[in-house]
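Reading through the C-alpha cells given below for one structure.
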Amino acid sequence: MTERAVVKSLETRKTVWQVLSADAYIKWFLIVPLLAVLSAFMFYPLFYCLYMSFHEYVLRAPPLYIGVENYRTVLHDAVFWQAVGRTFYVLVVCIAVELSLGMGIALLFNREFRGQNTIRGVCLLPLLISPLAMSLMWNYMLHVQFGIVNQVLVWLRLGAVEWISNPKIAIYSIMFISIWQWTPFSIFVLLAGLRGLPKDALEAARVDGASRWFTFRRLTLRMLMPLIIIIVLLRTMWLIRIFDPLYGTTRGGVGTEMLDWFIYRIAFVFFDVGKGSALAIFSLYVTIVLCAILYRQLIKALGTAR
Amino acid sequence: MGKISIKRLEWALVVIALVVLVGGQALGAEKKFSLADVPEIKNKRPIHVTLEAGGSADLIIPYLQKFAEHTGVKVTSESMVFASLYSKVIVELIAKTGAYDIVVTETSWSNEWEDYLYPMQDLAKEYDPEGVEGLERYLAGHDPGLLRMCSTVDGKLMGIPYYTYTLIYIYREDVFNHPAEKANFRKRYGYELAPAQTWEQLRDQGEFLTRKKGEKLKGEVLEKNVYGLSMMAGRYPHVQDEVGARVWSRGGHWASPVRDEAGKLIGFKVTEKDKRILQWAFEDYVRNLAFAPPGTLSGYWDFATAQFAAGNAIIIPHIYNSLWNWASSVEDEIPGAKAASALVPGNRPYTGAFHFSPSRDSKNPEAAYWLLKYIGSYQNQKEMAEGGWVSVRRDVLEESQYTDPKWHRQFGWARASLDTWDEQLEDVDDYLHFNSAAFGKLYEMMTIICHENAIQQRTPKESVEEWVKVFTDLQTKHGKLPVL
C-alpha cells in the first residue's frame with residue numbers, strides 16, 4: 001500500500017462514536033433502549049395476552065388452542081354487554097360533568113382574587129389522594145347511617161339516602177366519586193389554557209362589541225378545543241378502566257359492575273386466563289378505536305386553533 | 001390395740017384409695033401437646049406464614065414469635081384481607097414460587113388446593129416421632145366435622161384448623177324476655193317469642209321487631225327506627241352463606257353429590273329437588289330483607305354486626321361466631337341490653353374454619369408441621385380463646401368453667417357453635433363446598449347470584465337457572481369431577 005493510500009484509509013476509518021452519531025444512525029442509537037424497554041414490558045405482555053386469548057387456560061393444565069372461542073363466548077355473554085353499557089354510560093356522564101364543572105371553575109379561577117393560591121391548592125387535593133383510599137373514604141362518608149353526608153341530610157331534615165346500597169342510586173355515587181377526584185384535572189388543564197390565550201384576539205372582540213357569551217363560544221372555546229380534546233382523550237382511556245371507586249364501595253355489586261371489574265373477576269378470581277385475555281384485548285381494541293377518533297379530532301382542532 | 005389397728009386400717013384404705021384415684025387419673029388423662037413437646041427441628045430455614053388480616057387474627061402473631069424463640073426457626077408473617085387472600089395465595093401456589101411455607105386455607109378450598117399442599121399425614125410420617133397415630137391422638141380434641149371440612153374427598157387432612165366462623169343466631173335476650181314483648185308476640189302469632197327454629201318463625205320475628213321511630217320497644221318510645229333482622233346482602237361471600245343456610249336446612253344442595261355403588265363420589269348434579277329448594281331459599285331471603293336496615297344491600301359482616309351493636313337491629317339471624325365479641329358490645333352501648341346466641345334456624349348454616357396448611361413448595365416443611373401442631377394445640381387455643389379468640393377445639397370449648405357468666409363476653413358463642421357442629425356432622429360429607437375442586441370459583445359466582453337475587457336484578461327462578469348454568473360451566477372447567 002502506498003503512503004497516500006494509507007493516509008486515505010486512516011481518513012476514511014471512523015470511530016464507533018463517529019458512526020453512531022452520524023445522522024443516519026443517531027436516531028436508532030437513541031431509540032433502541034426505549035424499544036428494548038417497550039418490547040420487554042409492553043409488546044411482550046401484549047402479544048402474550050393476544051396469544052392467550054386464543055387458548056383455554058385455567059392454570060391447572062397447559063394452554064389449549066381453541067381459536068376464537070373465547071371471543072365468541074365473550075360476545076354472547078349478557079353480563080359482559082351490561083358491563084360495557086354501564087362503562088360507556090359512566091364515561092359519557094363523567095366526562096360531560098367534569099368538563100362543564102372544570103370549565104366553569106377554570107373561568108372563575110382565571111381572575112385575580114384574595115386567597116387565590118390557597119383555593120387553587122385545595123382544589124388540587126383530590127388529585128393527590130390515592131384513588132383506592134378515596135373510594136374507601138367515600139364509602140364511609142356515604143354510609144347510610146353512620147356517614148357524614150347522611151348525618152348532614154338528616155340534620156337538615158331531608159332524610160337519609162342509600163347512596164351505595166340502592167341499585168338505582170349506586171351507579172351515580174360511583175360517578176360522583178370519580179367526578180370528585182378528576183374534576184380538578186379538567187380545571188387546571190383548562191385554566192392553563194385560559195391563561196395562555198392570546199389577549200389581542202379577545203381584546204379585539206371586546207372592542208368590536210362582541211358579547212361575553214359570543215366571545216366565549218366563538219373564540220375561547222375554539223382556542224381551547226385542543227385541550228378539551230386532550231382531556232376527553234385521557235379521561236376516556238382512564239374511565240374505560242374504572243376500577244378503584246368500585247373496589248372500596250360496591251365491589252361491582254348493586255348493579256355497578258363495569259368492564260374492568262368484569263375482566264378482573266374473570267382473570268384474577270376465576271383465573272380463566274384465556275377468557276380474561278380476550279376481554280382485555282377487546283377493552284384495548286375499544287380504547288384504541290376511541291382514542292384514534294379523538295386523536296384525529298385533536299389534529300384537526302390544532303389546525304383550526306392555529 | 002384392736003381399735004388402733006382398725007383405725008390404722010381405715011387410714012391405710014383411704015390413702016390407698018386416694019393413690020389409686022389420683023394415679024389412675026394421671027395415667028388415664030391424655031397428655032396434651034404443647035410447645036415444650038416440639039422436638040429439636042433440624043432444618044433452621046425461616047418460614048413465612050400468611051394470615052387473614054382483620055378480626056382478631058393479629059392475636060396469633062405473639063404465638064408465632066414464641067414458636068420462633070423455642071425452636072430457633074425464624075417465623076415471618078404476611079397479613080392480607082380475606083377478599084384478596086384466595087387470589088394472592090393460589091397464584092403463588094400454582095406458580096410454585098415457594099413464597100409461603102404455610103398458607104391460610106378456607107375449608108371450602110381444601111379440595112381445590114390439594115395439589116399444592118402437603119397432607120398432614122405425610123408430614124407426620126416424615127417428621128413426627130409418634131407418626132400418624134400421634135397426629136390422630138393430637139386431633140382427638142378437634143371437632144370431627146371441622147376436620148372433615150379441612151380434608152379432601154379422599155380423606156387427606158390438608159391442614160390443622162385454628163379459627164372458626166360458624167354461623168350462629170345472635171339476638172337481644174333482654175327484648176325477647178321482656179314481658180310486654182312476649183305477650184304481644186304470643187297474641188299476634190300464637191306462640192312464644194324465643195330464638196327462631198324455623199325460617200317462618202324468623203320472618204315473624206323480623207316483622208314483629210321492626211319498629212318505627214316513635215313506636216315502643218320494651219315499653220320505651222324509640223328515638224330511631226329499629227329493625228328486626230340484620231343481614232349481609234352485599235356482593236361479598238357472606239350473602240351466599242345466608243342463602244346456603246336455608247338451602248341446607250331444607251335438605252337441599254347447591255349441587256347434590258352423585259356416588260357409585262361403593263359410595264365413591266363420581267360427580268355432581270343439581271337435582272329438581274335442589275332447584276325447588278334453591279328457589280324457595282332465594283324467595284325467603286328477599287322476603288326477609290323487608291325487615292333489614294337500609295344499607296343492607298351493600299353490607300357485609302361489619303355492617304350487620306354494627307347494626308346490632310348500635311342497637312339498630314334486634315336479631316342477626318346468621319352471623320359468624322367470630323363476631324360475637326363485637327356484637328355483644330351492645331351490652332355496653334344500650335343500657336339494659338343483653339346479647340345471647342342460639343342456632344341458626346334449621347340448624348344447618350355454614351360451618352367455616354380457617355386451617356393453616358403446609359405448602360408443597362415450603363423449604364422447611366418440618367418447621368411448618370410443628371408450627372401447625374403448636375397453633376392448633378389445646379394449650380395454645382385455650383390461651384387464645386380466653387383472650388377472645390374463636391377456638392376450633394371442642395375440648396377447650398366444652399370446659400365447664402366457660403359456662404360461668406363471667407366468661408359470657410368471651411364464650412357466649414360457644415354452645416351454639418358446638419351444637420351446630422353436632423347437627424352438621426352427618427351432612428358435611430355431602431356438601432358441594434367440601435367436595436368440589438372448583439369451589440374457590442363457585443363461591444364467587446354463588447356470591448354474585450345471591451346478591452343479584454337480593455337486589456332483585458333477577459327473580460328467584462332466574463337465579464336458579466343462572467346458578468345451574470354457571471355451576472355447569474365452572475365445575476366442568478375447573479373441577480375434577482363432572483356434572484352429571
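Compactness check for region A:78-305: Cα Rg over 2.2 N^0.38 Å is 1.18. Take every pair of alpha-carbon atoms less than 8 Å apart whose residues are at least six positions apart; their mean separation over the length of region A:78-305 yields a relative contact order of 28 percent. Treating each Cα of region A:109-188 as an identical point scatterer and summing with the Debye formula, the log10 of I(q)/I(0) at q = 0.12, 0.20, 0.24, 0.26 Å⁻¹ comes to -0.45, -0.93, -1.07, -1.14. For region A:37-125, chymotrypsin sites (Phe, Trp or Tyr not before Pro) meeting the loop criterion (DSSP other than H, G, I, E, B) and having at most 14 other Cβ atoms within 10 Å: A:F113.
Ordered by the number of other Cβ atoms lying within 10 Å of each residue's own Cβ, fewest first, B:K74, A:K275 fall into the sequence B:K74, A:K275.
Alpha-carbon geometry of the protein assembly as shown: the Rg and the Dmax are 33.2, 145 Å, given in that order.
Listed by number, the DSSP H helices of chain B that run 20 Å or longer by alpha-carbon position along their axis and have mean Kyte hydropathy of at least 0.5 are B:2-28. The antiparallel fraction among DSSP beta bridges confined to chain B stands at about 75%.
Rounded, prolate or oblate, given the Cα gyration tensor of region B:153-268, with a/c below 1.5 counting as rounded? In terms of gyration-tensor shape, prolate. Each of B:I94, A:I105, A:I164 has some number of other Cβ atoms within 10 Å of its Cβ, and from fewest to most they run B:I94, A:I105, A:I164.
Debye calculation, C-alpha points only, no solvent: report log10 I(q)/I(0) for region A:244-306 at q = 0.19 Å⁻¹, in the same order as the q values. So the normalised log intensities are -0.77.
Quick one: net charge of B:N364's neighbours, Cβ under 9 Å, K/R +1, D/E -1? That works out to +1.
In peptide A:55-65, what is the residue-averaged number of other protein chain Cβ atoms found within 10 Å of each Cβ?
That works out to 2 on average.
Rounded to the nearest 500, the 222 nm mean residue ellipticity of chain B from helices alone is -13500 deg cm²/dmol, with -39,500 (n - 2.57) taken per DSSP H run of at least 4 residues.
Given 10 °C and 1.306 mPa s, compute D for region B:316-445 with the Stokes-Einstein relation, Rh being the Kirkwood radius over Cα pairs; round to the nearest whole µm²/s. The Stokes-Einstein estimate is 94 µm²/s.
Under 10 Å, Cα contacts only: if you run a Gaussian network model on chain A, which one of A:P62, A:P245, A:P184 comes out with the highest mean-square fluctuation? Highest fluctuation among the options: A:P62. With viscosity 1.306 mPa s and temperature 10 °C, the Kirkwood radius over alpha carbon pairs of region A:55-136 converts through Stokes-Einstein to a diffusion coefficient of 90 µm²/s.
Note on chain A: helix-only mean residue ellipticity at 222 nm, from DSSP H runs of 4+ residues weighted -39500 (n - 2.57) and normalised by residue number, equals -22500 deg cm²/dmol.
DSSP beta bridges in the protein assembly as shown, what fraction antiparallel, as a percent rounded to 5? In the protein assembly as shown, approximately 75 percent of DSSP beta bridges are antiparallel ones. Stretching A:I119 away from A:R195 to a fully extended chain increases their span by 25.7 nm, per 0.36 nm per residue minus the current alpha-carbon distance. Taking the inverse of the mean 1/r over every pair of distinct Cα atoms in chain B gives a Kirkwood hydrodynamic radius of 24.1 Å.
Relative contact order for chain B: 24 percent, from Cα pairs under 8 Å spaced at least 6 residues apart, divided by residue count. For region A:69-169, trypsin sites (Lys or Arg not before Pro) are listed when DSSP marks them as loop and at most 15 other Cβ atoms sit within 10 Å of their Cβ; the list is A:R111, A:R114, A:R157, A:K168. Taking Cβ atoms as reference points and 13 Å as the exclusive limit, the residues near B:V330 contribute a net charge of -2, counting Lys and Arg as +1 and Asp and Glu as -1.
We did not get these values from a lab; they are worked out from the coordinates using the rules stated. Only a predicted model underlies this, so the values are computations on that prediction, with no experimental measurement involved. Methodologically, a virtual Cβ is constructed for each residue, glycine included, from the backbone with ideal geometry; neighbour enumeration extends over all protein chains shown.
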